[in-house]
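Okay, structure first, notes after.
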Amino acid sequence: MTFFQLLLSLSAAVSAGALILSEILEHLILVYIFKPLTMVLIITLALTGMSRSRRLYGYTVLLGLLFSLAGDILLMLPSKLFLQGLISFLIAHIFYILAFSRGLRFRLKNSSWLPFLLFGFVVYGFMLPSLGEMTLPVLAYMMIILVMGWRAYEQWSQRKSRGAWWAFIGAVLFIISDTALGINRFRLPFEGSTLAVLGTYFPAQWFIAMSVVWGDRDIENQGY
């Protein structure tokens, strides 16, 4: 990691911390500043990791980060744009799936997808009584994010590379963050939800961005 990348990472951490504090104190102006700023710093970090041989992976992840930024903006606006924000994040996860799946064998026999399916079944079943008109949108979103987590695991399982490991950690943190968000919004509001959601969400995006920064030689040699 270069000094500039370290500086971007520290700046993103400070910005995320300021955002969490602003959310807790309900200081909306600061929320409007620090929420997009944190993602812009993470996106800039990913841009510094672009390399000639990893450009397709990097650009696909970058699109996921950009749609995540759009989702953040939609969700923080005072108008009720939750569904639009959900769609934006769904598109982001599709780009992450494409990035994590490139060049991999599609394996179902090893049942690596089963833990993700069981987790989704339990969480969705818990939230279902309170979803109402959001029943199908939430189901679609949950299926996509769990596939994203599964493909991140498969990327690491098949490649055993450093960047793939970082992407998998990011995917797991993303699932945790969205699970906390869904439970707090639809089923059981809880103390500390802001920290639980944002405290895993931004590290998730940072780890995924770092999977671009760590340009794995085993992938590079394949012209990925």
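The values are calculated or read from the model by the stated rules, or taken from the named source; none is laboratory data. The model shown is predicted, which means the values in this text are computed figures rather than measured ones. Cβ placement follows ideal geometry from the backbone for every residue including glycine, while neighbour counts extend to all protein chains displayed. Heads up: the accessible areas ignore ligands, DNA and RNA and are worked out on the full protein's heavy atoms, side chains in. Shrake-Rupley method; radii C 1.70, N 1.55, O 1.52, S 1.80 Å.
General observations
- Residues in the stretch 2-29 that are touching a residue at least 60 places away in the same chain (Cβ under 8 Å) and open to solvent by 100 Å² or more (accessible area, probe 1.4 Å): 1 in all.
- Among residues of the stretch 48-84, those that are open to solvent by 70 Å² or more (accessible area, probe 1.4 Å) and among the β-branched types (Val, Ile, Thr), counted: 0
- Flag for ILE175 being part of a helix (DSSP H, G or I), modelled with pLDDT of 95 or more and open to solvent by 30 Å² or more (accessible area, probe 1.4 Å): no
- Number of residues in the stretch 85-109 that are open to solvent by 30 Å² or more (accessible area, probe 1.4 Å) and farther than 19 Å from GLY163 by Cβ: the value is 8.
- Of the listed requirements (1) out of contact with any Gly (no Cβ under 8 Å at 6 or more places or on another chain); (2) open to solvent by less than 30 Å² (accessible area, probe 1.4 Å), PRO129 misses just one: (2).
- Candidate set from the stretch 99-137 (those that are under 16 Å from the mean Cα position of the chain (by Cα) and not aromatic (Phe, Trp, Tyr)); member that is modelled with the highest pLDDT: ALA99
- Considering the stretch 32-47, the residues that are within 17 Å of the chain's Cα centre (by Cα) and either under 16 Å from ILE97 (Cα atoms) or touching a residue at least 40 places away in the same chain (Cβ under 8 Å) (or both) include one that is surrounded by the fewest Cβ atoms within 10 Å (Cβ to Cβ), namely ILE43.
- Hits in the stretch 110-124 - residues which are assigned to a helix (DSSP H, G or I) and either within 19 Å of TRP165 (Cα to Cα) or touching a residue at least 12 places away in the same chain (Cβ under 8 Å) (or both): PRO115, PHE116, LEU117, PHE119, GLY120, VAL123, TYR124
- Evaluated against (1) hydrophobic (A, V, I, L, M, F, W, C); (2) under 30 Å from GLY103 (Cβ atoms); (3) surrounded by fewer than 20 Cβ atoms within 10 Å (Cβ to Cβ), MET142 falls short on exactly one condition, (3).
- Within the stretch 125-140, residues that are among the small types (Gly, Ala, Ser) sit with their Cβ atoms under 8 Å from residues that are surrounded by 10 or more Cβ atoms within 10 Å (Cβ to Cβ) and assigned to a helix (DSSP H, G or I), at 6+ positions apart or across chains, in these pairs: SER130/PHE186; SER130/ARG187; ALA140/LEU90.
- Filter result for GLY163 (modelled with pLDDT under 95 and touching a Ser or Thr at 6+ places or on another chain (Cβ under 6 Å)): yes
- Some residue of the stretch 156-170 being outside any helix (DSSP H, G or I) and open to solvent by 20 Å² or more (accessible area, probe 1.4 Å): yes
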